[in-house]
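Participant: Before I ask anything, here is the structure I am working with.
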Amino acid sequence: MKDFLAVAVRLQRIELLTRTLVNDLYSQEDKEMAGTWIAELATNMADEVKAKVLETNSPSSGL
């Protein structure tokens, strides 16, 4: 459950950051930096999900 909560919090942060990017209060440089950060966060989360899926589907997992 703890892992799920951490993932949910990270997704909320990504969503919030993404929504703020559509606001014209930020410079193009800020938007590019935020976009890079979002990509890094999402890639890390995707890697974690893939690892969990592989772990769950491995023959030694007992499934």
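The values are calculated or read from the model by the stated rules, or taken from the named source; none is laboratory data. For clarity, every value in this text was computed on a predicted model and none was experimentally measured. Every residue, glycine among them, receives a Cβ derived from its backbone with ideal geometry; neighbour counts consider all protein chains shown. We work out accessible area using only protein heavy atoms, side chains counted, and drop any ligands, DNA or RNA first. Shrake-Rupley method; radii C 1.70, N 1.55, O 1.52, S 1.80 Å.
Participant: List every residue pair whose Cβ atoms sit under 8 Å apart, with the two residues 6 or more apart in sequence or on different chains, where the first one lies in segment 33-58 and is farther than 18 Å from residue 9 by Cα and the second, anywhere, is in a helix (DSSP H, G or I) and among the small types (Gly, Ala, Ser).
Facilitator: Filtered contacts from segment 33-58: 55/61.
Participant: Right, next: Return a yes/no flag: does segment 49-61 have any residue that is in contact with a helix residue (DSSP H, G or I) (Cβ under 7 Å, 6 or more places away or on another chain) and open to solvent by 100 Å² or more (accessible area, probe 1.4 Å).
Facilitator: Initial filter on segment 49-61 (in contact with a helix residue (DSSP H, G or I) (Cβ under 7 Å, 6 or more places away or on another chain)): 55, 61.
Those left that are additionally open to solvent by 100 Å² or more (accessible area, probe 1.4 Å): 55.
Yes.
Participant: For residue 11, state whether it is without any contact (Cβ under 8 Å) to a residue 60 or more places away in the chain, surrounded by 13 or more Cβ atoms within 10 Å (Cβ to Cβ) and not β-branched (Val, Ile, Thr).
Facilitator: So residue 11 fits the description; yes.
Participant: Could you look through segment 20-48, keep only residues that are β-branched (Val, Ile, Thr) and under 21 Å from residue 3 (Cα atoms), and pick out the one that is most open to solvent (accessible area, probe 1.4 Å)?
Facilitator: 43
Participant: Out of curiosity, is residue 3 more than 12 Å from the chain's Cα centre (by Cα), surrounded by fewer than 10 Cβ atoms within 10 Å (Cβ to Cβ) and either in a helix (DSSP H, G or I) or free of Cβ contacts under 8 Å to residues at least 40 places away in the same chain (or both)? Steps first, please.
Facilitator: Details: more than 12 Å from the chain's Cα centre (by Cα): yes; surrounded by fewer than 10 Cβ atoms within 10 Å (Cβ to Cβ): yes; either in a helix (DSSP H, G or I) or free of Cβ contacts under 8 Å to residues at least 40 places away in the same chain (or both): yes.
Yes, satisfied.
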